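Engineer: Quick one: the structure is below, and I'll ask about it shortly.
The values are calculated or read from the model by the stated rules, or taken from the named source; none is laboratory data. These numbers come from a predicted model, not from an experiment. Heads up, the Cβs are rebuilt from the backbone with ideal geometry, glycines too, and the neighbour counts pull from every protein chain shown.
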Amino acid sequence: FTVIFMQHRIHRKRGFTVVELLIASLIISATTFALISASQKGVALSYRALHSVQASFLAEEGAEAVKTIRDGGWSSISSIVVDTPYVLVFNTQTNTWSLSTTSSNPIDSLFTRVVILSDVYRNSSDDIAETGTLDTRTKKVTVRVTFPSSEGLVTKEIIFYISDIFT
């Protein structure tokens, strides 16, 4: 009787071991899948953060380039067609910036930067306003950098004013 009971008990224990092994494998697989998914999302977010910082730097560079163009002579700014997207072009021969309506290749095959100049109006208190008297010696500048991400197109923008400070 004890031999039969021991054999039956050993049989039951083997069955539980296989079920336990399957459950443990399932838990390990699910945990591994969750960790891989989390790490992939983390890498994607890291790339987006990196590209976001790069876009911010490119926007700042664009703002400085527009100020440099202004410093070269207000006529370079006043002759620009307002509310038209321009691209910044750097001439490596003369080390100067210029604005062009000719489309250019994306920066680092990813970023697109445009500069838009708009007219500025002043109210009776000489404050900048939506309407009023046109200020021909001041322009509103928008530097916009865009790049694609997994969530869609991301835009970084800097808006500021420049004036003819040399006359």
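Engineer: So Ala38 ticks every box in (1) over 25 Å from Leu110 (Cβ atoms); (2) of a type in the set (A, V, I, L, M, F, W, C); (3) under 23 Å from the mean Cα position of the chain (by Cα); (4) not in a helix (DSSP H, G or I) but one. Which box is left unticked?
Structural biologist: Unmet condition: (4).
Engineer: While we're looking at this one, here's another question. Considering only strands (runs of 3 or more DSSP E) fully contained in region 60-147, which possess at least 3 residues that are farther than 27 Å from Leu50 by Cα? It would help to see each step written out before you state the result.
Structural biologist: Working: elements: 87-91, 96-100, 112-122.
It comes to 96-100, 112-122.
Engineer: Does Leu50 satisfy the condition of being at pLDDT below 95 and not β-branched (Val, Ile, Thr)?
Structural biologist: yes
Engineer: Return the residues of region 100-148 that are out of contact with any strand residue (DSSP E or B) (no Cβ under 7 Å at 6 or more places or on another chain), farther than 16 Å from Val81 by Cα and of a type in the set (S, T, N, Q); say none if nothing qualifies.
Structural biologist: Residues satisfying the conditions are Asn105, Ser109, Ser124, Ser125.
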